[in-house]
1. Over 19 Å between Cα atoms, which of Lys111/Lys229; Lys111/Lys263; Lys233/Lys266; Lys229/Lys263; Lys3/Lys302 qualify?
2. Between segment 71-89 and segment 173-187, how far is it from one alpha carbon centroid to the other, in angstrom?
3. Equivalent-ellipsoid semi-axes (√(5λ), Cα gyration tensor) for segment 20-91, whole Å, largest first?
4. If you place +1 on the Cβ of every Lys and Arg, -1 on the Cβ of every Asp and Glu, and leave all else neutral, what size is the dipole of the chain about its Cα centre, to the nearest 20 Debye?
5. Report relative contact order for the chain in percent, whole number only (criteria: Cα-Cα under 8 Å, sequence separation at least 6).
6. Can you sort Leu248, Leu59 by how many other beta carbons sit within 10 Å, fewest first?
7. Along the charge dipole of the chain, which of Gly27, Val258, Ile134 sits closest to the positive end, that is, farthest toward it, with unit charges on the beta carbon of Lys, Arg, Asp and Glu (+1, +1, -1, -1)?
8. Can you give the calculated 222 nm mean residue ellipticity of the chain, where each DSSP H run of n ≥ 4 adds -39,500 (n - 2.57) and the sum is split over every residue, rounded to the nearest 500 deg cm²/dmol?
Amino acid sequence: MSKKPVLVVMAAGIGSRFGQGIKQLAGVGPSGEIILDYSLYDAREAGFEKVVFIIRHSLEEDFKAVIGNRVEKNFEVRYAFQEIDALPAPFVSPANRAKPWGTGHAILAAKDLIDGPFAVINADDYYGKTAFRIIYDFLTHLPEQTGGPEPYAMAGFIVKNTLSDNGEVTRGICVQDMTGKLVEIHETKGIARREDGSVTGTFDGETVEIDPEGLVSMNMWGFTETILKDLEKDFIPFLEEAMKKDPLKAEYLLPTVVDSLLKAGKASVSVLPTPDAWFGITYADDKASVAAEFARMVKEGKYPSPLFP
């Protein structure tokens, strides 16, 4: 590959369930590090040198003070801004809509800063070292395209390694073929471990049992820039439908877009399994357990403290 992969970090989410300030900027490391510090540390170890942060204008000052200015010592840094009212004409966002239009909309906000292969992560998720290595390796060994489906990748996390002890979560359950390629994603809500030990959730309005050893998407993707054109084109019909049905809550989500590209034969997604445990701050009560995990990993020598000099 002539162009080195770029890391794109989605950090514009409101985090309404967390309820105590901006969850992406919550200190959880022994020296006050935030979750994103650890992701950037792991990404730099894997080989990433450029990062694009997708934030809101209202978050810019705090974000740069907490992490952005410091990260410039280790990365080439760019900023994109995801705003609720940033819609193509003639669409107008409802005045009382409270959150951005989803992860697909977030990537569109950064499209002018992406000109090659790129990885996508959430700012408030810890993915572990393995995931960054396998995504970077995939993006640096893309085959020459001579037609056919575009090669994308997704880090696949084990279901039981992505649950919260403090409430239900939403996950993209992966359906794979015999070669490990993604067939479809089942966006499943209300996932939790029940009192009898089973893991269940809600898919298409029905309660379903979930294999705790199965793989899920945690929005860690590897894409070529081709997906930007598909995201832009498909955003229009999404908005047409959203404005009719649910203009206050409808979201343009990456897993849904990828699923549609798979069904249309326009993409081939390699599921790259990782054994690392995911964790993040979905609920306020998650913060204590996340802090304990980072303290443990520092004690075991997986990370220095402070993380960055």
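Bear in mind these aren't lab numbers, they're just calculated from the coordinates by the rules spelled out. What you are looking at is a predicted structure, and each value in this text was computed from that prediction instead of being measured. Ideal geometry is used to build each Cβ from the backbone, glycine not excepted, and the neighbour counts take in all protein chains shown.
1. Lys111/Lys263; Lys3/Lys302
2. That distance is 31 Å.
3. Those come to 25, 17, 10 Å.
4. Details: 33 positive and 45 negative charges, 107 e Å.
It works out to roughly 520 debye.
5. Rounded, it is 26 percent for the chain.
6. Ascending number of Cβ neighbours within 10 Å: Leu248, Leu59.
7. Gly27
8. My calculation for the chain gives -7500 deg cm²/dmol from helical runs alone.
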